[in-house]
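Have a look at the structure below, then the notes.
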Amino acid sequence: MSDHCQYCRRGVYNLCPDVKFFATPPIDGALQEYVLHPAAFTFSVDDLSPEEACLSEPLSYAVRQAEIALGHEILVIGAGPLGLPTAFAAESQGTIVGLAYINPERLKVVRQAGFDAAFSSYYEGKHCDAVFECTGTSGGIRSAQNLGRTGGIVALIGMGQSATMHLDSLDIIVRGLRVIGIFRYANIYPMARTLIRRYRERLRIFQSSRIPLSELPHFLKTKQYVHYIKTIVSLN
Ligand SMILES: [Zn+2]
């Protein structure tokens, strides 16, 4: 963080061109016994378990950026480790939240967590005040635009393999859609901690998979992670 950087000074240090971010080359990840980290950006997890605390990362920044409000109808496209926390954060603002996804097993889990969830096709023809796109797929992005209400917000969060997004610019203009990009997060950890406490029971769906560190290479190689929302790697 720099005193001379306009982004840092405005509090949007996630957009700082000089930001250092764990596990983003050339910065190593934090999977080690000790890491040196600036105190101003270090937060105590207090009473949260490590499994709960690790959910802080994607929680709530997108929702704050999208300026949603009480009673808004929200659609989250994607029901993974990005979509679900976004749904919880949106719900905490008194909104009506729906989730769209393509995997029936995942939809079942999401419903168990107390959300309305359905195949993407179910939402065709509907319009929401804000749509959070969390898959990064071209289909998801197209749906996000189509499902955004005139004058509403389309928030692009998921990063896909392709850097090119196909949006209909004429539709964006004539319907006054506000398309915003969400990159990482800033100033959210205390709020995320509060949200995790509030939704502690429902967030247990994230903890369905746990493996010891020794099994991690095989787990990654065989892509078993695709079956779980989030996998906890245990060090002991
Ligand atoms: Zn900066």
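Excluding same-chain pairs closer than 8 in sequence, count the lysine pairs in the chain whose Cα atoms lie under 29 Å apart. Can you show the working numbers first?
Details: LYS20/LYS221; LYS20/LYS223; LYS20/LYS230; LYS108/LYS126; LYS108/LYS221; LYS108/LYS223; LYS108/LYS230; LYS221/LYS230.
Within the chain, the lysine pair count is 8.
Among 127-134, 164-171, how do they line up from the highest to the lowest mean number of other beta-carbon atoms within 10 Å?
Details: 127-134: 26.5, 164-171: 11.1.
Put in order of decreasing packing, that is 127-134, 164-171.
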Output ordering of 68-75, 34-41 (per-residue mean of other Cβ within 10 Å, highest first) is 68-75, 34-41
Expected unfolding gain across ARG9-ASN146 under the 0.36 nm per residue rule, minus the alpha-carbon gap, is 45.7 nm
extent check for region 77-139: Cα max minus min per principal axis, descending, whole Å, gives 27, 24, 20
The chain, Gaussian network, Cα under 10 Å: of GLU57, GLU201, GLU91, the residue fluctuating most is GLU201
Taking N as the number of residues in region 1-119, the ratio of its alpha carbon radius of gyration to 2.2 N^0.38 Å works out to 1.28
Note on region 1-42: C-alpha Rg/Rh, Kirkwood Rh, two decimals, gives 1.01
Cα-only Rg/Rh for region 61-181 with Kirkwood Rh rounds to 0.93
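Between LEU216 and VAL35, 0.36 nm times their residue separation minus their Cα-Cα distance comes to what?
This chain segment gains 63.0 nm when fully extended.
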Eigenvalues of the alpha-carbon gyration tensor of region 11-70, times 5 and square-rooted, give semi-axes in Å, largest first, of 23, 19, 11
Share (percent) of C-alpha pair distances in the chain greater than 26 Å works out to 42
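Where a number appears in this text, it was derived from the coordinates with a stated rule and is not lab data. In this text the structure is predicted, and so the values were computed from the model without any measurement. Virtual Cβ from ideal backbone geometry, glycine too; neighbours counted across all protein chains shown.
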